[in-house]
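In what follows, a structure is listed as structure tokens, so that the remarks can point back to it.
The values are calculated or read from the model by the stated rules, or taken from the named source; none is laboratory data. Source: prediction; values computed, not measured. Quick reminder, even Gly has a Cβ in these numbers, built from the backbone with ideal geometry, and neighbours come from all protein chains shown. Accessible surface areas use protein heavy atoms only, side chains included; no ligands, DNA or RNA. Shrake-Rupley method; radii C 1.70, N 1.55, O 1.52, S 1.80 Å.
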Amino acid sequence: MMGVLFKHVGQLTAAIEHFEQARTLSPRKQSILLALAPVYHQVGEKEKALLIAKEAYELEPRNDEARTIYAVLAILENQLKLADDLLQNNPLPDTRIINAYAEQHQYNKVLELWRQLANQNPQNVQYRFSLAATYLQLGERQQAIKTLEETAVIDPSTKTQVEYLVNEIRAGRNPAQ
């Protein structure tokens with residue numbers, strides 16, 4: 001619990017110290033490893049973070065959270081084949097995975113995942129806005145406009161925002177920047 005507290009207040013060294021103490025007491029407790037791995041990544045010990053995430057995943061490969069954290073850290077370390085293998089049977093994309101791919105400039109992968117989320121959750125306008133932004137990032141301006149216009153139909157309360165964004169795109173600007 002102290003590790004989580006220190007992590008949330010940005011005292012990462014103290015967080016690691018407490019997580020490592022907990023790990024010593026319960027070396028096979030997956031939740032401790034899953035909390036520890038991202039903190040190591042944050043402090044720049046990326047290889048160690050990936051090894052700890054792998055260890056946590058291997059304790060219980062059916063744990064979706066373990067798979068997700070391991071995949072996110074693999075993506076951030078540009079180990080895309082490993083991430084693909086881990087995510088092969090993932091039923092629904094996780095926004096942490098999408099954000100990791102975006103950080104690595106893997107926009108085609110980001111597009112694929114936003115499409116899945118938007119299709120599986122058609123009423124979620126934030127997913128649709130993110131999908132449109134990804135189209136725009138890839139230079140597919142007309143597809144971005146189409147997605148935004150569909151969003152205004154799905155949720156009329158977004159009409160003003162959609163009109164603004166569409167006008168910006170048609171004017172050759174990227175409103176997300």
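Can you tell me the length gained on complete extension of the stretch Val4 to Thr95, counting 0.36 nm per residue apart and subtracting the Cα distance?
30.6 nm
Could you tell me the calculated FRET efficiency between Tyr164 and Asp64, based on Cβ-Cβ distance and R0 = 30 angstrom, to the nearest 0.05? Don't skip to the end; give the middle numbers.
On the way: r = 38 Å, r/R0 = 1.25.
So, using R0 = 30 Å, E works out to roughly 0.20.
Using a probe radius of 1.4 Å on heavy atoms only, what accessible surface per residue do you get for region 3-52? Whole Å² is fine.
I get 58 Å² per residue for region 3-52.
Among Leu36, Leu76, Leu136, which one moves the most in a GNM of the chain with springs linking Cα atoms closer than 10 Å?
Answer for the Gaussian network model of the chain: Leu136.
Just to make sure I understand: if all protein chains stay in place, what is the order of Lys81, Lys48, Lys29, Lys109 by accessible area at 1.4 Å, largest first?
Lys81, Lys29, Lys48, Lys109
Tilt of helix 141-154 relative to the longest C-alpha principal axis of the chain, in degrees (0 to 90, nearest 10)?
In the chain, helix 141-154 runs at an angle near 90 degrees to the longest axis.
So how far, in whole Å, is the C-alpha centre of region 130-175 from the one of region 11-39?
Taking the Cα centre of region 11-39 as reference, the centre of region 130-175 is 43 Å away.
Quick one: pull the percent of accessible area on the chain belonging to carbon and sulfur, 1.4 Å probe, ligands and nucleic acids left out.
Details: 4960 of 10170 Å².
Percent of accessible area from carbon and sulfur atoms in the chain: 49.
Given an 8 Å cut-off on Cα distances and at least 6 residues of separation, report the relative contact order of the chain as a percent. Don't skip to the end; give the middle numbers.
Values: 197 pairs, mean separation 17.4, N = 177.
Over the chain, the number comes to 10 percent.
Please arrange Val110, Val4 by accessible surface area, largest first, computed with a 1.4 Å probe and ligands excluded.
Sorted descending by solvent-accessible area, the residues read Val4, Val110.
Apply 1/(1 + (r/R0)^6) to the Cβ-Cβ distance of Asp155 and Gln88, taking R0 = 30 Å, and write down the FRET efficiency to the nearest 0.05.
Given R0 = 30 Å and the Cβ-Cβ separation, E is 0.35.
Hey, could you get me the Stokes-Einstein D for the chain, Kirkwood radius over alpha-carbon pairs, 25 °C and 0.890 mPa s, rounded to whole µm² s⁻¹?
Reported coefficient: 137 µm²/s.
State, to one decimal in nm, how far the label point of Ala171 lies from the label point of Asn108, with both points 7 Å from Cα in the Cβ direction.
It is 3.3 nm.
Using a 1.4 angstrom probe on the protein heavy atoms only, line up Arg170, Arg115, Arg62 by accessible area, largest first. Could the numbers behind the result be given before it?
Values: Arg170 150, Arg115 100, Arg62 190 Å².
So the residues, ranked largest to smallest area, are Arg62, Arg170, Arg115.
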